[in-house]
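Here, each number is a calculation from the coordinates, and none is a lab measurement. Keep in mind it's a predicted model, so treat the numbers as computed, not measured. When we count neighbours, we look across all protein chains shown, and the Cβ atoms used for this are built from the backbone with ideal geometry, even at glycine.
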Amino acid sequence: ATTARTLDELNRDMQRLAAISSALNTEMGIRIDPSGERISVVDDRGRILDGMKMLAVMTNLFLRRYHNGTVAAPVNAPSALQTIADRYEGNIQQTKVLPHAMMMAAGREGVVLVGDGTGQFAFPEMHPAFDGMLAIAKLLELLATFDMRLSEVVDDLPPYYMSSTRVSCPWESKGKVMRILSEQYRERRTKPIDGIKIDLGKEWVLVLPDADGPFFHIYAESVSNEQAQALAEKYARVVTGLQQ
């Protein structure tokens, strides 16, 4: 219950921040998590940028700045990151979704940025841990370097459409669901990194068992918001069905 309530509170905070940012005509609005690790951002047009959008923004700025650099990002991040990397001759290294996996990636050769898709960033050259203040400093520095407003970077991103949902599953059924999915989609499975990611051409879906709770997370990307949502819901039904 606490996470749901804090999510609601964060959403309210961000709505307020967006209203203030728009009214004052500011360059951006930023909220730092009490932990000091996570940032939530509103651009100069008053748009609330979710964690994945900020990961795409930072990937764009960093690979523009550091040619041939590598950005480490979780396996549930949008394919737009690869499109950005191709644009600037950079690389995307996919990691497991867990924070310690991301920190291990920070130690690898050539990694200039680590982002988890929820507003946490690490900069291996300076400090291999998630750091909100450093993320703000780097964001401002790179916007100044390229003389761009944040909204211009956002508008320059390749379009992508994602949806996610959560499915309850008793602990004792998790292994069975993973085994059957692994068998059923053997032909379409991407290189195993975390969970089971199924490549469907112009779309993909990731079925990820939660590390701490009795459920699965389903992430989907497709060619429209509606189709991404339909894909996530379809695989949620598949995961529910396999528990029987």
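Results, tabulated for the structure shown:
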quantity: Helix 171-184 axis, angle to the chain major axis (alpha carbon atoms, nearest 10°); calculated: 90 degrees
quantity: Charged-residue dipole, Cβ positions (Lys, Arg, Asp, Glu), the stretch 46-134 about Cα centre, Debye nearest 20; calculated: 180 debye
quantity: Efficiency of FRET between A129 and R189 - r from beta-carbon atoms, R0 45 angstrom, step 0.05; calculated: 0.90
quantity: Sequence-separation-based contact order of the stretch 79-133, relative, with Cα cut under 8 Å and 6+ spacing, percent; calculated: 20 percent
quantity: Per-residue [θ]222 nm for the chain (sum of -39500 (n - 2.57) over DSSP H runs n ≥ 4, rounded to 500); calculated: -14000 deg cm²/dmol
quantity: Calculated P(r) of the stretch 103-244 - Cα pairs past 25 Å, %; calculated: 45 percent
quantity: Residue-wise HN-Hα coupling along the stretch 92-105, computed from phi with Karplus coefficients 6.51, -1.76, 1.60 (Hz; x: Gly, Pro); calculated: 10, 10, 7, 10, 4, 7, 6, x, 5, 5, 5, 5, 5, 5
quantity: Translational diffusion coefficient (Stokes-Einstein; Kirkwood radius from C-alpha pairs) of the chain at 4 °C, 1.567 mPa s, in µm²/s; calculated: 69 µm²/s
quantity: Largest to smallest principal axis extent of the C-alpha atoms in the stretch 102-146, angstrom; calculated: 30, 22, 16
quantity: Gaussian network model of the chain, springs between alpha carbon atoms under 10 Å - residue of L49, L61, L200 with greatest fluctuation; calculated: L200
quantity: Karplus 3J(HN,Hα) series, Hz, for the stretch 159-167 with 6.51 cos²θ - 1.76 cosθ + 1.60 (x for Gly, Pro); calculated: x, 8, 9, 10, 8, 9, 8, 10, 10
quantity: Within the stretch 122-157: backbone nitrogen closer than 20 Å to the L10 label point (7 Å, Cα to C-beta); calculated: 122-123, 129-137, 139
quantity: Amide hydrogen neighbours beyond the local backbone of V75, cut-off 5 Å, H modeled; calculated: T95, V97
quantity: Relative contact order of the stretch 1-149, pairs being alpha-carbon contacts under 8 Å that are 6 or more residues apart, as %; calculated: 21 percent
quantity: Dimensions in Å of the stretch 1-133 - Rg and Dmax from alpha carbons; calculated: 15.2, 44
quantity: Those trypsin sites (Lys or Arg not before Pro) in the stretch 136-244 that DSSP places in a loop and that have at most 15 other beta carbons within 10 Å; calculated: R149, R186, R188, K202
quantity: Gaussian network model of the chain, springs between alpha carbon atoms under 10 Å - residue of I136, I32, I180 with greatest fluctuation; calculated: I180
